[in-house]
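The values are calculated or read from the model by the stated rules, or taken from the named source; none is laboratory data. Note that the coordinates shown come from a computational prediction; the quantities given were computed from them, not determined experimentally. Note: ideal-geometry Cβ built from the backbone for every residue, glycine included; neighbour counts use all protein chains shown.
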Amino acid sequence: MLKPVEFKMPPQVEKMRSEGEIDGVLYYLEYVLGKIFSIGSKEYYDNISSSYAKFCKGLKEIKKFNKQRGKNHKLKFLDVGCGLGIKPLLAKFANFESYGIDLNPDYCAIATSLGIEVECVNALEYQKYNLFDVIYWYLPIKKPLKEFDLELKIFKEANSGAILYPICSYLPVYGCFDHWTGETREGYNPTDDGWCIHEWETGTHSLGNTVSRFFYKT
């Protein structure tokens, strides 16, 4: 059983966190990563920090968006395939009520040691997606068809007031095909089920331009 990891935030970061300033948690990010990872080059940490900084911007946009919709309550955040629990930890720092699910018991133990409420469960069998205000995922299943099935399940089972925040979604409107097995999935367009798309930032990637976005219902 892992002992809980104690994180004592510097006063200025604690003040930012208590005021809901997500940017403040970024000052604390390197320390958190250093606590979790015992090895790694400076370049390794810099690359991770860039990814998590983008994630924190997404949290900030979600809070801003919900405030504009008149929803000021503390949001319940779920990371599907939370791994070591770093993103739920950042969401917790940003005043979200933070949860995670993962299939790997070792990852779940580490995430739990960080103070995150984690359930060790197969995401395809999880039955509580309707309980959350924000559901985030970043390809938790590496097999395309199963990932497609998972994302479809989340879109179908999330409550109508939820915000869905996927990265690299496997839900193209034209469907999905497994070259190894020959299996296919019919296309699914979330907008046909009443989901709207909110975009807030564009960027570049080796494969082309990228857009930061999440889904919501009016």
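Applying the selection to segment 137-192, what residues are β-branched (Val, Ile, Thr) and in contact (Cβ under 8 Å) with a residue 40 or more places away in the chain?
Ile141, Ile154, Ile163 - these are the residues of segment 137-192 that are β-branched (Val, Ile, Thr) and in contact (Cβ under 8 Å) with a residue 40 or more places away in the chain.
Looking at this structure, is Lys87 of a type outside the set (A, V, I, L, M, F, W, C), under 21 Å from Ile141 (Cα atoms), modelled with pLDDT of 90 or more and not in a strand (DSSP E or B)?
Against the criterion (of a type outside the set (A, V, I, L, M, F, W, C), under 21 Å from Ile141 (Cα atoms), modelled with pLDDT of 90 or more and not in a strand (DSSP E or B)), Lys87 qualifies.
Within segment 159-174, is there a residue that is more than 27 Å from Lys57 (Cα to Cα), modelled with pLDDT under 90 and out of contact with any helix residue (DSSP H, G or I) (no Cβ under 9 Å at 6 or more places or on another chain)?
Yes, segment 159-174 contains at least one residue that is more than 27 Å from Lys57 (Cα to Cα), modelled with pLDDT under 90 and out of contact with any helix residue (DSSP H, G or I) (no Cβ under 9 Å at 6 or more places or on another chain).
Among the residues of segment 105-117, write down those that are over 23 Å from Lys143 (Cα atoms), among the hydrophobic types (A, V, I, L, M, F, W, C) and free of Cβ contacts under 8 Å to residues at least 60 places away in the same chain.
Ala111, Ile116
Which residues, counting only those in segment 154-167, are within 19 Å of Phe77 (Cβ to Cβ) and surrounded by fewer than 17 Cβ atoms within 10 Å (Cβ to Cβ)?
Glu157, Asn159, Ser160, Gly161, Ile167
Where residues in segment 90-126 are part of a loop (DSSP other than H, G, I, E, B) and among the small types (Gly, Ala, Ser), which of them is farthest from the chain's Cα centre (by Cα)?
Only one residue fits best here, namely Gly115.
Specify which of the listed residues (Tyr99, Tyr126, Tyr107, Tyr138) is touching a helix residue (DSSP H, G or I) at 6+ places or on another chain (Cβ under 7 Å), farther than 24 Å from Lys15 by Cβ and aromatic (Phe, Trp, Tyr).
Going through Tyr99, Tyr126, Tyr107, Tyr138 in turn, just one is touching a helix residue (DSSP H, G or I) at 6+ places or on another chain (Cβ under 7 Å), farther than 24 Å from Lys15 by Cβ and aromatic (Phe, Trp, Tyr): Tyr99.
Please determine, by comparing only the residues of segment 190-218 that are part of a loop (DSSP other than H, G, I, E, B) and at pLDDT 90 or above, which one is farthest from Tyr165 (Cα to Cα).
My answer is Gly194.
Report whether or not Tyr138 is touching a Cys at 6+ places or on another chain (Cβ under 7 Å) and among the aromatic types (Phe, Trp, Tyr).
For Tyr138, the condition - touching a Cys at 6+ places or on another chain (Cβ under 7 Å) and among the aromatic types (Phe, Trp, Tyr) - is met.
Scanning segment 99-127 for residues that are at pLDDT 95 or above and among the hydroxyl-bearing types (Ser, Thr, Tyr), which turns out surrounded by the most Cβ atoms within 10 Å (Cβ to Cβ)?
Applying the filter and picking the extreme gives Tyr99.
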